[in-house]
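Take a look at the structure below.
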Amino acid sequence: MNDPRPLEKEPLLYQAIGLLQGKLNHLDDGSHQLECSDSTFAVRVKKCKLRVWLETHPDKREGIWSVYPRQQNGVLSVELVSFIRQPWNQVDYFKISGRVVRQDPEGGKIIVSIRQNNVPPGKSSRFESFKLELLGHVPGKVGGEIWQFDCVRSGHQLEILDGTRIAKRLDVNLKLKTAPQAGPADVSPPVD
């Protein structure tokens with residue numbers, strides 16, 4: 001699968017990023033919406049450089065956008081990261097890496113917590129941690145473990161395609177216990 005951003009030398013423990021194809025609409029109240037083929041998303045534009053770029057390139061409103069996903073009350077929204085100039089084979093693809101908070105096997109949902117990487121002890125982060133609800137199932141008791149999920153967007157939901165455990169449960173001092181290097185786990189997409 002195509003990754004929505006270049007690979008780092010070492011894998012990130014926490015990340016949530018994806019690619020959406022759509023048209024960015026500016027609303028009368030000053031907010032934005034990203035209109036995709038089957039859904040419309042509320043959009044935040046926090047990066048000043050991107051805001052300036054949008055103002056100076058009004059013709060670049062339709063295409064592929066790199067986005068950070070967010071959810072509130074089960075509704076997916078996005079924060080724009082960048083406009084992708086070259087075509088990509090895989091849109092509606094998301095890479096989610098975070099700590100599994102809980103899993104509801106009967107409901108086919110996993111809650112993943114994402115926070116900022118590498119915050120020194122005693123320092124606070126400007127980045128607000130958040131949770132994403134993913135559709136799918138991972139076998140076993142995975143609460144507290146760090147997982148990386150390849151997901152696809154379906155409407156306003158993110159469905160798990162594949163997953164790999166990155167690290168075992170975090171200990172009290174928040175030091176990682178590295179997971180054994182194994183292939184992808186038996187991750188099941190949601191059943192209709």
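All of the numbers you see were taken from the coordinates with simple rules; none came from a lab. This structure is a prediction, so every number in the text was calculated from the model and none was measured. Note that each Cβ is placed from the backbone with ideal geometry, even for glycine, and that neighbours are counted across all protein chains shown.
Here are some notes:
- Scanning region 91-120 for residues that are among the polar types (S, T, N, Q), at negative phi and more than 15 Å from the chain's Cα centre (by Cα) returns a single hit, Q103.
- Exclusive hit being in contact with a His (Cβ under 7 Å, 6 or more places away or on another chain) and assigned to a strand (DSSP E or B), set L76, L80, L19: L76
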